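Inspection log for the structure reproduced underneath, given as structure tokens.
The values are calculated or read from the model by the stated rules, or taken from the named source; none is laboratory data. Please read all numbers here as calculations on a predicted model, not as lab measurements. So basically every Cβ, Gly included, is an ideal-geometry build from the backbone, and we count neighbours across all protein chains shown. Heavy atoms of the whole protein, side chains included, go into the accessibility calculation; ligands, DNA and RNA do not. Shrake-Rupley method; radii C 1.70, N 1.55, O 1.52, S 1.80 Å.
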Amino acid sequence: MRNAGVLGIGVPALTMLLDACSGGSSGDKSTAGSGGGPYPGHKKYKFTLVNHVTTNSFFTPTRYGAEDACAILGCDYSWTGSADSIVSQMVDAMNSAITSNADGIGVPVIDKTAFTGPTKKALAAGIPVISYNANPPVGSDTPVMSYIGQDLTQAGVEAGKRILAQVKKGDTVACMIATPGTGNIQPRADGAKSVLEPAGINFVQVATGAAESQEVSAVESWFQGHQDAKFLYAVDAGSGIAVAKTVAKFASTGVKGSGWDVGTPTLQQVQKGSLDFTIDQQAYLQGFLPILQLFLYQVSGGLVAPVQTNTGLKFVTKDNVGPYLSSEDRYEGSSKKQQVLKAPSSI
């Protein structure tokens, strides 16, 4: 709820939503999330979230966010797509959602053209479509109604600036990327490159593969032949773990590295000092907010249209990693337990 302002939801509307959570101002909780409160008599909407790596641990808090939003609003959702980033499987899942008359679809647009046709088909059938986690790439005409997720290119720019402070002209920075060209991670590489190359840094992109065991081997093998590299920059979680293991193994070379996202193994490597930083893009919001936006579109008769929402960028370092590791919660995916955490006394 702390990011509700980004959605363009004013205080009155937010108050109404919170009233719905508690059963409305009348105090009758029997109708909460089932068509009562400020949304009387609404159907139990069924939304579909298509994903490119359905079993990836990054999306554990995303799924919790979607579940929590559905519990609040009295709706349901399905989680489908591809386990291995196979675009054709994602497109098939989208088409199935359209055929079954889903009330809304969320999809990471990881390909420039593949999702254009299904998105147009859905919109023509009155089914709202938004993208989450990966926005349509530059030059794509896939007409999603909004994007919810990190500004991927700007995140890469900010990471590049942070790395630049630790290297000098002529140094080599290797960008470790699982699947080059994929819409959800390539912009992070491109953003960093736009900062580092003009500063005289030798920026090298290295494909690591989608499987973590493959990534560890790829990063270590590359570094063994390029031990003059000064920084290993990972743009996905699996590559980040591989970077951490390589940095620890070759600590005598002085190489540094970074990760991405806030899975427990990545956070532990930050705490150990094997990763200089990782980046939190708030995966929970990438599940909660798509359901919320699709729901509001439906109950408002299309008047409350989905809006662009940047879920942010936060550098997690050894100095601030403590709270992430000391709590097990749904918000970061470390526990399925529903609970309210105490907010920090200062921000």
Three-way shape label, region 127-178, alpha-carbon gyration tensor, a/c 1.5:
prolate
Can you find, among Asn184, Ser100, Met145, the residue farthest towards the positive end of the dipole of region 87-198? Put +1 on the C-beta of Lys and Arg, -1 on that of Asp and Glu.
Asn184
If you take the square roots of the eigenvalues of the alpha-carbon gyration tensor of region 236-276 and sort them as a ≥ b ≥ c, do you get rounded (a/c under 1.5), prolate (a/b over b/c) or oblate?
prolate
Interatomic Cα distance distribution for region 216-347, bins of 10 angstrom, percent:
12, 33, 27, 18, 8, 2, 0
In whole Hz, what ³J(HN,Hα) sequence does region 227-232 give by Karplus (6.51, -1.76, 1.60; θ = phi - 60°), x for Gly and Pro?
6, 8, 4, 9, 8, 10
Taking N as the residue count of the chain, its alpha carbon Rg divided by 2.2 N^0.38 Å gives 1.04
Output the peptides 236-249, 212-225 sorted from most to least packed, where packing is the average of other Cβ atoms within 10 Å over each peptide's residues.
236-249, 212-225
Using the Cα centre of region 83-225 as the reference point, and only Cβ charges (+1 on K/R, -1 on D/E), how large is the resulting charge dipole? Debye, rounded to the nearest 20.
400 debye
Compute the angle between helix 11-21 and the longest alpha-carbon principal axis of the chain, please, reported from 0 to 90 degrees and rounded to the nearest 10.
80 degrees
Quick check on region 79-192: what are the equivalent-ellipsoid semi-axes from the Cα gyration tensor, as sqrt(5λ), descending, whole Å?
33, 13, 10
Given backbone amide H placed at 1.01 Å from N, residues whose amide H is under 5 Å from that of Asp329, ignoring those fewer than 5 places away on the same chain, are Ser334, Ser335
Treating region 93-155 as a set of equal point scatterers at the Cα positions, no solvent, please give the Debye-formula log₁₀ I(q)/I(0) at q = 0.14, 0.18, 0.22, 0.29 Å⁻¹.
-0.35, -0.57, -0.82, -1.30
For region 148-258, take the convex hull of the Cα atoms, compute a quarter of its surface area, and give me that in nm², please.
6.2 nm²
Treat each spin label as a single point 7 Å out from the Cα along the C-beta direction, and report the Ser300 to Asp84 distance in nm.
4.2 nm
Search the structure for amide H atoms under 5 Å from the amide H of Gln205, placed 1.01 Å from N in the peptide plane, and list their residues when 5 or more places away or on another chain.
Cys175
Order of 69-76, 174-181 by packing, highest average Cβ count within 10 Å first?
174-181, 69-76
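How large a share of the accessible area of the chain, in percent, is made up of carbon and sulfur atoms when the probe is 1.4 Å and the other protein chains stay in place?
Carbon and sulfur together cover 52 percent of it.
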With θ set to phi - 60° and the Karplus curve 6.51 cos²θ - 1.76 cosθ + 1.60, what are the ³J(HN,Hα) couplings of region 138-143 in order, to the nearest whole Hz, using x for Gly and Pro?
4, x, 7, 10, 5, x
Dividing the helical contributions, -39500 (n - 2.57) per DSSP H run of n ≥ 4, by the residues of the chain yields a 222 nm value, nearest 500 deg cm²/dmol, of -11000 deg cm²/dmol
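Past the 16 angstrom mark, what percentage of all C-alpha to C-alpha distances in region 220-295 do you count? Spell out each step's value before the answer.
On the way: 1423 of 2850 pairs.
The share of Cα pairs beyond 16 Å in region 220-295 comes to 50 percent.
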Derived scalar couplings ³J(HN,Hα) [region 42-48; Karplus, 6.51 cos²θ - 1.76 cosθ + 1.60; whole Hz; x for Gly, Pro]:
6, 5, 7, 4, 10, 9, 10
Could you size up the charge dipole of the chain around its Cα centre, putting +1 on the beta carbon of Lys and Arg and -1 on that of Asp and Glu, and report it in debye to the nearest 20?
340 debye
